[in-house]
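Peer 1: I'd like to ask you about the structure that follows.
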Amino acid sequence: MITLTTIAEVRAACDAARAAGGRVGFVPTMGFFHEGHRSLMRAAKAGNDFVVVSLFVNPTQFGPTEDLAAYPRDPAGDAAVTEAEGVDVLFTPGVDEMYPSGARTTVHVDGLTERLCGASRPGHFDGVTTVVAKLFSIIGPCRAYFGRKDAQQLSVIRRMTADLDLPVEVVGCALVREQDGLALSSRNAYLDPEARQAATILSGALYMASEAVVAGLRDATALRQIIVDTVAHAPQVRLDYVEVVDAATLDPVDQLTTDTLVALAAFVGKARLIDNVTIAFSGDTPQPDLGVLTASSGMQEADH
Ligand code: AMP
């Protein structure tokens, strides 16, 4: 594996891989790798000949009062992970490389960015789409891998990629959870043991909501209330939002009839965490997709 820091170098490496007939797989990240990131690297490795992972803590997607300075970082540990996963290039540009002075262009995806995390984090998705558009332009034609942990982000990136005719195939990958259900996140590093324990109520509430839908509940307000009432049992956890939205448009729904995303964000200790379940309505019974649990010997299906 090689680590590259300039746009010119990584672009040349991807061009050379394609010229040799290889398919490029790309995994954009902000580092502090866990099993969620590793699952994306494995998917990229399995489906492509040449894998690039970018590690860039993108300042423009953090609000002025958010955790940019405190965001967990472990450059040496991250390099060891990418090496172990057989990644070909780790791209670690500095802020000056990605945002030279004079830049005046922002990529904005309308509508999809207004609800859910977009409502709580003004400007966040403009930061995400701008940096991902730049990364797609740098890497060139590729398959790019994103986790369904960030379900709204995945929808926004898919829309942007289609709208701008970017030569990238966006691949969504399963949400990876700890054995007790907590969604893996770099921000889990902020949790002390008590907060870490309390945080499991979030996935627990989503499991309960999923079970209610499988049992026949279709009313979005009642579904939302199940989550609010469940989370109320953990006083250390403060919900930021819980929304029941159409999985394709992210518009709120009253009744669950088509594929539905149930998404939440919550403050737990020093962390703001997100989690979600997508409930598919293609067959006779609704199919909740809660992701997969980590296991020491690889992955296993979530059994809830
Ligand atoms: P981040 O480094 O947090 O910006 O995340 C980089 C990529 O990893 C994004 O596509 C995330 O959706 C994905 N990711 C983060 N956590 C998980 C998780 N628990 N399961 C699956 N993918 C994840």
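Peer 1: Label-point separation (nm) for Ala70 and Ala19, each offset 7 Å from Cα along Cα-to-Cβ?
Peer 2: Going from the Ala70 label point to the Ala19 one covers 4.7 nm.
Peer 1: Percent of accessible area on the stretch 40-168 owned by carbon and sulfur, 1.4 Å probe?
Peer 2: For the stretch 40-168, the apolar C and S fraction of the accessible surface comes to 52 percent.
Peer 1: Could you size up the charge dipole of the chain around its Cα centre, putting +1 on the beta carbon of Lys and Arg and -1 on that of Asp and Glu, and report it in debye to the nearest 20?
Peer 2: For the chain, the charge dipole is close to 440 debye.
Peer 1: Roll a 1.4 Å probe over the protein heavy atoms and report the accessible area of Cys117 in Å², nearest 10.
Peer 2: Answer for Cys117: close to 10 Å² accessible.
Peer 1: Compare Thr105, Thr258, Thr65 by solvent-accessible area with a 1.4 Å probe and give them largest first, with all protein chains kept in place. Please report the intermediate quantities before stating the final value.
Peer 2: Values: Thr105 115, Thr258 75, Thr65 135 Å².
Largest accessible area first, the residues go Thr65, Thr105, Thr258.
Peer 1: How charged is the neighbourhood of Val176? Take every other residue with its Cβ under 10 Å from the Cβ of Val176, and add Lys/Arg as +1 and Asp/Glu as -1.
Peer 2: The answer is +2.
Peer 1: With every protein chain in place, what's the accessible area of Val176 (1.4 Å probe, Å², nearest 10)?
Peer 2: Ignoring ligands and nucleic acids, Val176 comes out at about 10 Å².
Peer 1: Sequence neighbours fewer than 8 away in the same chain don't count; with that in mind, list the aspartates and glutamates whose C-alpha is under 19 Å from Lys45.
Peer 2: Straight-line reach from Lys45, under 19 Å: Asp15, Glu35, Asp78, Glu83, Glu85, Asp88, Glu169.
Peer 1: Quick one: grab the alpha carbon gyration tensor of the stretch 39-149, order the square roots of its eigenvalues as a ≥ b ≥ c, and give me rounded if a/c is under 1.5, else prolate or oblate depending on whether a/b is larger than b/c.
Peer 2: Prolate, because a/c is 1.5 or more and a/b exceeds b/c.
Peer 1: For the chain, what does the relative contact order come out to in percent, with C-alpha contacts under 8 Å and a separation of six or more? If you can, show how the numbers build up before the last one.
Peer 2: On the way: 556 pairs, mean separation 48.8, N = 304.
Normalised by residue count, the contact order of the chain is 16 percent.
Peer 1: Counting DSSP beta bridges with both partners in the chain, what percentage is antiparallel, nearest 5? Don't jump to the answer; show the numbers that get you there.
Peer 2: Working: 28 of 50 bridges.
If we restrict to bridges inside the chain, about 55 percent are antiparallel.
Peer 1: So which residue, out of Pro288, Pro235, Pro93, gets the largest mean-square fluctuation from a GNM of the chain using Cα contacts under 10 Å as springs?
Peer 2: Pro235
Peer 1: On a 1.4 Å probe surface of the protein chains, which of Lys45, Lys149 comes out largest in accessible area, and what is the full order?
Peer 2: The ranking, largest first, comes out as Lys45, Lys149.
The values are calculated or read from the model by the stated rules, or taken from the named source; none is laboratory data. Since we're looking at a predicted model, the values are computed, not measured. FYI the Cβ positions are ideal-geometry reconstructions off the backbone, even for glycines, and counts take in every protein chain you see. Accessible surface is based on the protein model in full, side chains and every heavy atom, while ligands, DNA and RNA are left aside. Shrake-Rupley method; radii C 1.70, N 1.55, O 1.52, S 1.80 Å.
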